[in-house]
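Asker: First the structure, which I've put down as structure tokens, then a few questions once you've had a look.
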Amino acid sequence: MTTHEEPVVELRPATPADVAAIARIWHEGWADGHLGNVPAALVAVRTAQSFGMRAPQRVADTAVATVGGEVAGFVMVVDDEVEQVYVDARHRGTEVARALLAEAERRVAAKGHTRAWLAVVNGNARARRFYERNGWTDEGLFEYLAASDSGPIHVPCHRYVKRVATR
């Protein structure tokens with residue numbers, strides 16, 4: 001009798017060699033969660049090229065999850081904000097997302113913060129359910145200012161928070 005085992009998920013800091021995989025996963029995942037849920041102005045600037053340009057600039061903020069030596073997802077953390085959590089479509093529904101979220105929470109706590117926060121666009125119900133299942137609390141609506149070359153774009157989001165450490 002064989003049992004189904006989850007693939008082993010390994011976490012590590014991102015390196016420049018990971019940039020192409022990060023940009024691809026980021027672009028595809030962003031489209032899945034954001035198209036139809038964000039202003040057209042943001043969709044217009046979030047092209048494959050834009051993710052390819054942004055990913056190399058964010059290596060220092062990024063941890064990757066690998067499965068079988070390949071990048072399966074990543075998380076970007078700045079201060080107390082979990083800015084990005086994306087999993088390759090082939091690894092959704094596995095332990096990859098939970099491992100990345102736990103790493104993000106660990107990184108926020110390691111920076112001395114007691115609470116982490118993240119933004120989820122209103123219509124991304126799948127992501128909102130995932131965060132809630134993992135102990136995050138929806139604090140309500142707010143306007144997230146998404147960066148663009150022409151200035152910030154206002155994006156209606158929910159602010160999720162979670163206690164990550166005690167002082």
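Asker: What are the principal axis extents of the Cα atoms in the stretch 104-167, in Å, biggest first?
Answerer: 39, 26, 16 Å, listed from the longest principal axis down.
Asker: Choose one of Asn124, Ala146, Trp136: the residue whose Cα lies farthest towards the positive end of the charge dipole of the stretch 99-167 (beta-carbon charges +1 Lys, Arg; -1 Asp, Glu; about the Cα centre).
Answerer: Towards the positive end, the residue furthest out is Trp136.
Asker: To the nearest 20 Debye, how big is the dipole of the stretch 100-148 about its Cα centre, given +1 on the beta carbon of each Lys and Arg and -1 on that of each Asp and Glu?
Answerer: Computed about the Cα centre, the dipole is about 200 debye.
Asker: Mind running the shape call on the chain? Use the C-alpha gyration tensor, a ≥ b ≥ c as the square roots of the eigenvalues: rounded below 1.5 for a/c, prolate if a/b tops b/c, oblate otherwise.
Answerer: It is rounded, given that a/c, with a ≥ b ≥ c, falls under 1.5.
Asker: Could you give the dipole magnitude of the chain about its Cα centre, charging the beta-carbon of Lys and Arg +1 and that of Asp and Glu -1, in debye to the nearest 20?
Answerer: In debye, rounded to 20, the chain gives about 280.
Asker: Once phi is turned into ³J(HN,Hα) by the Karplus curve 6.51 cos²θ - 1.76 cosθ + 1.60 with θ = phi - 60°, what whole-Hz value does each residue of the stretch 130-138 show in order, with x for glycine and proline?
Answerer: My calculation for the stretch 130-138 gives 4, 5, 4, 4, 9, x, 8, 10, 7 Hz in order.
Asker: If you count, for each residue, the other Cβ atoms within 10 Å and average over each peptide, how do 28-37, 134-143 line up from highest to lowest? Could you put the intermediate results ahead of the total?
Answerer: On the way: 28-37: 15.6, 134-143: 13.0.
Packing order, densest peptide first, comes out as 28-37, 134-143.
Asker: Could you pull out every residue, at least 5 positions away or on a different chain, whose amide H is within less than 5 Å of the one on Glu83? Hs are placed 1.01 Å off N in the peptide plane, and Pro or chain starts have none.
Answerer: Met76, Val77, Val78
Asker: Pull out a ≥ b ≥ c, the square roots of the eigenvalues of the alpha-carbon gyration tensor of the stretch 1-67, then state rounded if a/c is under 1.5, prolate if not and a/b is larger than b/c, and oblate in the remaining case. Let's see the in-between values first.
Answerer: Working: a/c = 3.36, a/b = 1.52, b/c = 2.21.
Oblate is the answer for the stretch 1-67, as a/c is 1.5 or above yet b/c matches or exceeds a/b.
Asker: If the chain between Val43 and Ala31 were fully stretched, how many nm would it gain, using 0.36 nm times the residue separation less the Cα-Cα distance?
Answerer: 3.5 nm is the gain from fully extending Val43 to Ala31.
Asker: Mind listing the phi-derived Karplus ³J(HN,Hα) values for the stretch 82-96, rounded to whole Hz, using 6.51, -1.76 and 1.60 with θ = phi - 60°, and x for any glycine or proline?
Answerer: 8, 6, 9, 9, 9, 10, 3, 3, 5, 10, 5, x, 9, 7, 4
Asker: Which peptide among 144-151, 122-129, 55-62 comes first, and what is the full order, when sorted by highest mean count of other Cβ atoms within 10 Å?
Answerer: Ranking the peptides 144-151, 122-129, 55-62 by packing returns 55-62, 122-129, 144-151.
Asker: Going by amide H atoms built from the backbone, whose H comes under 5 Å of the H on Val164, apart from near neighbours?
Answerer: Placed amide hydrogens put Arg115, Ala116 under 5 Å from Val164.
No lab work stands behind these numbers, since they all come straight from the coordinates. No experiment lies behind these values; they were computed from the predicted model shown. When we count neighbours, we look across all protein chains shown, and the Cβ atoms used for this are built from the backbone with ideal geometry, even at glycine.
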